[in-house]
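Here's the structure, in structure tokens; my notes come after.
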Ligand SMILES: Nc1ncnc2c1ncn2[C@@H]1O[C@H](COP(=O)(O)OP(=O)(O)OP(=O)(O)O)[C@@H](O)[C@H]1O
């Protein structure tokens, strides 16, 4: 079921939020936009309209403890090749939502259909197979520091291997060649034999993207991929994610704290507040009232001018 509309009446509050930097949330608006990247070419509405839906999320709920809902009746569709950002205040449920999608977290109820298959209750081999189609990158990279860039990237193929092949790092020549191509595309070929703990944050995140890409995923989930990076490295990472959608047709779902980055790079934005979707629309529809609905009445408390 597609939900392509604002799902909650926005609160009327005329506080001027222009260019306010909160703890981790940078807000800006069209008339005074503070863009961290170049003008980015997102997919046109028409192009995306013609793309097939790759994932549907229906009535998804999550309770970590009984009676305390962290996700409440989440509904939305995602198209192939779409870059979808999820924004919302700390604790809104962004990570829980992202991790429910690949079942790192078990949803309490609801249904996720991926590539035509209900993946909500798949187990064992089927779950492993499903996860090879869903790559993930993390705020803190989740690399093995003492291993080289190349070895970390090759770990992306492990989902396709039995445990013996995995233990002995048995990679085929074509797997190695494909990994090299991806490493080169990401511009980290000069670091290929370096240990990962010798890299900058931006380089580490590019290793994380390369590892996700060698999985040959249909979707990549990104949990605050730029939260630990400076603006220049953030731009490089977001440019790569945008390119992955536009040129490889891979769907990217990205949790972000930076509203301006979400506006600049996304085909669509979902706003979460207290576990509910309060906005689901085009970045151009994000205005002060929408921001108020997403960040809530406590938003003033976050301002640190
Ligand atoms: N493993 C857990 N057990 C119990 N409660 C949890 C667990 N993980 C998250 N929560 C709670 O669920 C709610 C949503 O957390 P989540 O991390 O999904 O939010 P978020 O929007 O990603 O926040 P942030 O932007 O700070 O990362 C929070 O109230 C959090 O305390």
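Figures for the structure shown
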{"read-out": "Members of the stretch 245-266 that are part of a loop (DSSP other than H, G, I, E, B) and in contact with a helix residue (DSSP H, G or I) (Cβ under 6 Å, 6 or more places away or on another chain)", "value": "250, 256, 266"}
{"read-out": "Residue within the stretch 275-282 that is closer than 15 Å to residue 84 by Cβ and either outside any strand (DSSP E or B) or outside the structural domain of residue 72 (by TED's automatic domain parsing) (or both) present", "value": "yes"}
{"read-out": "Odd one out for residue 131, checked against (1) at pLDDT below 95; (2) within 27 Å of residue 285 (Cβ to Cβ); (3) more than 16 Å from the ligand (Cβ to nearest atom)", "value": "(2)"}
{"read-out": "Test: residue in the stretch 82-92 that is more than 12 Å from the ligand (Cβ to nearest atom) and modelled with pLDDT under 95", "value": "no"}
{"read-out": "Residue ranges of strands (runs of 3 or more DSSP E) in the stretch 54-141 with at least 1 members not assigned by TED's automatic domain parsing to the domain that holds residue 280", "value": "134-138"}
{"read-out": "The one condition in (1) more than 16 Å from the ligand (Cβ to nearest atom); (2) crowded, with 18+ Cβ neighbours inside 10 Å that residue 49 fails to fulfil", "value": "(2)"}
{"read-out": "When residues of the stretch 237-255 are limited to those that are without any contact (Cβ under 8 Å) to a residue 40 or more places away in the chain and more than 17 Å from residue 133 (Cβ to Cβ), the one surrounded by the fewest Cβ atoms within 10 Å (Cβ to Cβ)", "value": "247"}
{"read-out": "Positions within the stretch 264-282 being more than 13 Å from the ligand (Cβ to nearest atom) and under 15 Å from residue 224 (Cα atoms), in sequence order", "value": "265, 266, 269"}
{"read-out": "Selected residue (only one of 206, 242, 195 is away from the ligand (no atom under 16 Å from the Cβ), in contact with a helix residue (DSSP H, G or I) (Cβ under 9 Å, 6 or more places away or on another chain) and outside the structural domain of residue 148 (by TED's automatic domain parsing))", "value": "242"}
{"read-out": "Test: residue in the stretch 212-222 that is over 15 Å from the mean Cα position of the chain (by Cα), in a helix (DSSP H, G or I) and free of Cβ contacts under 8 Å to residues at least 60 places away in the same chain", "value": "no"}
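Conditions tested, residue by residue: (1) surrounded by 18 or more Cβ atoms within 10 Å (Cβ to Cβ); (2) modelled with pLDDT under 95.
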| residue | (1), (2) |
| --- | --- |
| 116 | no, yes |
| 120 | yes, yes |
| 126 | no, yes |
| 153 | yes, no |
| 161 | no, yes |
| 165 | no, yes |
| 169 | no, yes |
| 185 | yes, no |
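The values are calculated or read from the model by the stated rules, or taken from the named source; none is laboratory data. Bear in mind the structure is a predicted one, so any value in this text is a computation, not a measurement. Ideal geometry is used to build each Cβ from the backbone, glycine not excepted, and the neighbour counts take in all protein chains shown.
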